[in-house]
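A.B. asks: Structure in C-alpha cells, see below.
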C-alpha cells in the first residue's frame with residue numbers, strides 16, 4: 001500500500017498543478033507543494049473527488065511518511081506568481097491549506113489547519129467574502145489573508161488578520177499607517193522572507209502606477225509600503241534578495257544588474273552600488289595591455305638603435 005501511494009504521489013507531483021482561479025494569490029493541488037523549514041519533507045495536496053488527500057513525503061527517498069483526507073477541495077497556498085508554495089509556519093508546527101476555487105469572485109473562503117507531524121485536522125474557518133492566503137506568523141498564531149475588495153478589479157485588496165487561537169477574523173486591516181486611505185493595487189510577483197520567518201517582503205507590480213514592496217511584520221501585525229521609482233516597463237524582471245543579515249533588501253534586475261536597496265530599519269531607498277558588470281576592470285586591463293604594448297615597442301626601438309650604434 002505504501003508503494004502504491006508513493007507511485008501515485010510521484011506521478012501527481014510531476015503532473016501540472018491544478019490551479020485555482022488563475023490570479024494570485026491562489027491555491028494549488030499537485031505540483032511541488034510546500035517544504036518543511038529543514039528541507040527533510042514536503043506536503044502535497046491531491047484531489048480526491050469531493051475531498052483532498054494531503055500527503056507528507058520524505059524529500060530524500062520520496063517515501064510517503066503519512067497522509068490524510070480532508071473534506072472539501074484544498075490546496076497549498078501560492079501567494080505570488082513565483083510559484084513557491086507556503087502555508088507552513090517557521091517553527092514547523094502549523095500547516096495551513098487554502099480552498100481551491102475555480103471561479104472568481106467567490107462568496108465564501110475556507111482555510112484548514114493541520115498538525116504537520118500527524119496531519120491531524122486541528123481546525124477550520126470559513127469567511128464570507130473573497131479571501132486568500134497571504135502569510136503566517138512564525139508560531140502560527142496569526143494568519144494573514146488577502147481580501148479582494150473590488151469584484152471588477154482583481155488588483156485591489158486589503159490585508160486582514162485571523163487569530164488562529166480563537167479562529168476569528170479581526171476587525172480592521174493591516175496597513176501602513178503613514179499612508180491611510182490607500183487601497184493597495186497590484187499583482188504579487190515574488191517575495192522573500194527573513195530567516196526567522198517574521199518579515200515577509202512581497203513585490204507587487206502595477207502597470208498603471210509604480211511597483212511597490214509590501215513589508216509585513218507577521219509577529220507585530222504591522223506593515224510598510226515602499227514605492228519603487230519605476231513607471232510601466234517590464235516589472236516582472238525585478239527580483240528581491242536579503243543581505244547584511246536582513247538589514248538590506250536588494251531590488252535588482254533579473255539579468256543580475258543592481259538597481260536599488262531598501263534599508264529595512266528606516267525603509268529608505270538608495271541606489272545600489274557595485275555588483276554590476278565590471279567595465280572599469282575591462283578598461284583598466286585594456287589600458288594596461290596597451291601601455292605594455294607601447295612600452296614594448298619603445299624598448300624594442302631603443303635596442304635596435306643601440307645595435308646600429310655599435311655595429
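The values are calculated or read from the model by the stated rules, or taken from the named source; none is laboratory data. Just so you know, these numbers come straight off a predicted model, no measurement behind them. Backbone-built Cβ (ideal geometry, glycine too); neighbour counts: all protein chains shown.
A.B. asks: Among the residues that make up segment 151-160, is at least one of them surrounded by 21 or more Cβ atoms within 10 Å (Cβ to Cβ), assigned by TED's automatic domain parsing to the domain that holds residue 66 and part of a loop (DSSP other than H, G, I, E, B)?
C.D. replies: So in segment 151-160, the residues surrounded by 21 or more Cβ atoms within 10 Å (Cβ to Cβ) come out as 157.
Still in the running and assigned by TED's automatic domain parsing to the domain that holds residue 66: 157.
Going one step further and asking which of them are part of a loop (DSSP other than H, G, I, E, B), we end up with none.
Taking every residue of segment 151-160 in turn, none turns out to be surrounded by 21 or more Cβ atoms within 10 Å (Cβ to Cβ), assigned by TED's automatic domain parsing to the domain that holds residue 66 and part of a loop (DSSP other than H, G, I, E, B).
A.B. asks: Right, another one. Please tell me if residue 89 is under 22 Å from the mean Cα position of the chain (by Cα) and either buried (at least 19 other Cβ atoms within 10 Å of the Cβ) or at pLDDT 95 or above (or both). Spell out how you get there, then give the answer.
C.D. replies: On the way: under 22 Å from the mean Cα position of the chain (by Cα): yes; either buried (at least 19 other Cβ atoms within 10 Å of the Cβ) or at pLDDT 95 or above (or both): yes.
For residue 89, the condition - under 22 Å from the mean Cα position of the chain (by Cα) and either buried (at least 19 other Cβ atoms within 10 Å of the Cβ) or at pLDDT 95 or above (or both) - is met.
A.B. asks: If you check residue 122 against the conditions, is it more than 23 Å from residue 222 (Cα to Cα) and not assigned by TED's automatic domain parsing to the domain that holds residue 240?
C.D. replies: Details: more than 23 Å from residue 222 (Cα to Cα): yes; not assigned by TED's automatic domain parsing to the domain that holds residue 240: yes.
Taking the combined requirement at face value, the residue satisfies it.
A.B. asks: Go through segment 205-244 and give me each residue that's at pLDDT below 90 and more than 19 Å from residue 155 (Cβ to Cβ).
C.D. replies: None - no residue of segment 205-244 is at pLDDT below 90 and more than 19 Å from residue 155 (Cβ to Cβ), so the list stays empty.
A.B. asks: Given the criteria crowded, with 21+ Cβ neighbours inside 10 Å and touching a strand residue (DSSP E or B) at 6+ places or on another chain (Cβ under 6 Å), does residue 216 qualify? Explain how you work it out, then say what you get.
C.D. replies: On the way: crowded, with 21+ Cβ neighbours inside 10 Å: yes; touching a strand residue (DSSP E or B) at 6+ places or on another chain (Cβ under 6 Å): yes.
Against the criterion (crowded, with 21+ Cβ neighbours inside 10 Å and touching a strand residue (DSSP E or B) at 6+ places or on another chain (Cβ under 6 Å)), residue 216 qualifies.
A.B. asks: Oh, and also: With within 26 Å of residue 91 (Cβ to Cβ) and part of a strand (DSSP E or B) as the only criterion, which of 189, 240 stands out? Steps first, answer last, please.
C.D. replies: On the way: 189 fails: within 26 Å of residue 91 (Cβ to Cβ).
Among 189, 240, only 240 is within 26 Å of residue 91 (Cβ to Cβ) and part of a strand (DSSP E or B).
A.B. asks: State whether one or more residues within segment 10-22 are surrounded by 22 or more Cβ atoms within 10 Å (Cβ to Cβ), at pLDDT 95 or above, within 25 Å of the chain's Cα centre (by Cα) and under 29 Å from residue 147 (Cβ atoms).
C.D. replies: No, there is no match, as no residue in segment 10-22 is surrounded by 22 or more Cβ atoms within 10 Å (Cβ to Cβ), at pLDDT 95 or above, within 25 Å of the chain's Cα centre (by Cα) and under 29 Å from residue 147 (Cβ atoms).
A.B. asks: I'd like to check something: does segment 52-65 contain any residue that is surrounded by 14 or more Cβ atoms within 10 Å (Cβ to Cβ) and modelled with pLDDT under 95?
C.D. replies: No.
A.B. asks: Can I ask one more? Please verify whether residue 195 is modelled with pLDDT of 90 or more, in contact with a helix residue (DSSP H, G or I) (Cβ under 8 Å, 6 or more places away or on another chain) and not in a strand (DSSP E or B), treating the condition exactly as stated. So that I can check it myself, show each step before the final result.
C.D. replies: Values: modelled with pLDDT of 90 or more: yes; in contact with a helix residue (DSSP H, G or I) (Cβ under 8 Å, 6 or more places away or on another chain): yes; not in a strand (DSSP E or B): yes.
Against the criterion (modelled with pLDDT of 90 or more, in contact with a helix residue (DSSP H, G or I) (Cβ under 8 Å, 6 or more places away or on another chain) and not in a strand (DSSP E or B)), residue 195 qualifies.
A.B. asks: Quick one: which strands (runs of 3 or more DSSP E) sit completely within segment 41-139 and have at least 1 residues that are within 30 Å of residue 213 (Cα to Cα)?
C.D. replies: Working: elements: 41-48, 51-58, 64-71, 74-78, 95-99, 108-114, 121-128, 131-136.
Ranges flagged: 41-48, 74-78, 95-99, 108-114, 121-128, 131-136.
A.B. asks: Assigned to a helix (DSSP H, G or I), assigned by TED's automatic domain parsing to the domain that holds residue 198 and at pLDDT 95 or above - does that describe any residue in segment 246-265? Explain how you work it out, then say what you get.
C.D. replies: Here is the first cut: in segment 246-265, the residues assigned to a helix (DSSP H, G or I) are 246.
Next cut, assigned by TED's automatic domain parsing to the domain that holds residue 198 only: 246.
Checking which are at pLDDT 95 or above leaves us with 246.
Looking for residues that are assigned to a helix (DSSP H, G or I), assigned by TED's automatic domain parsing to the domain that holds residue 198 and at pLDDT 95 or above, one finds at least one in segment 246-265, hence yes.
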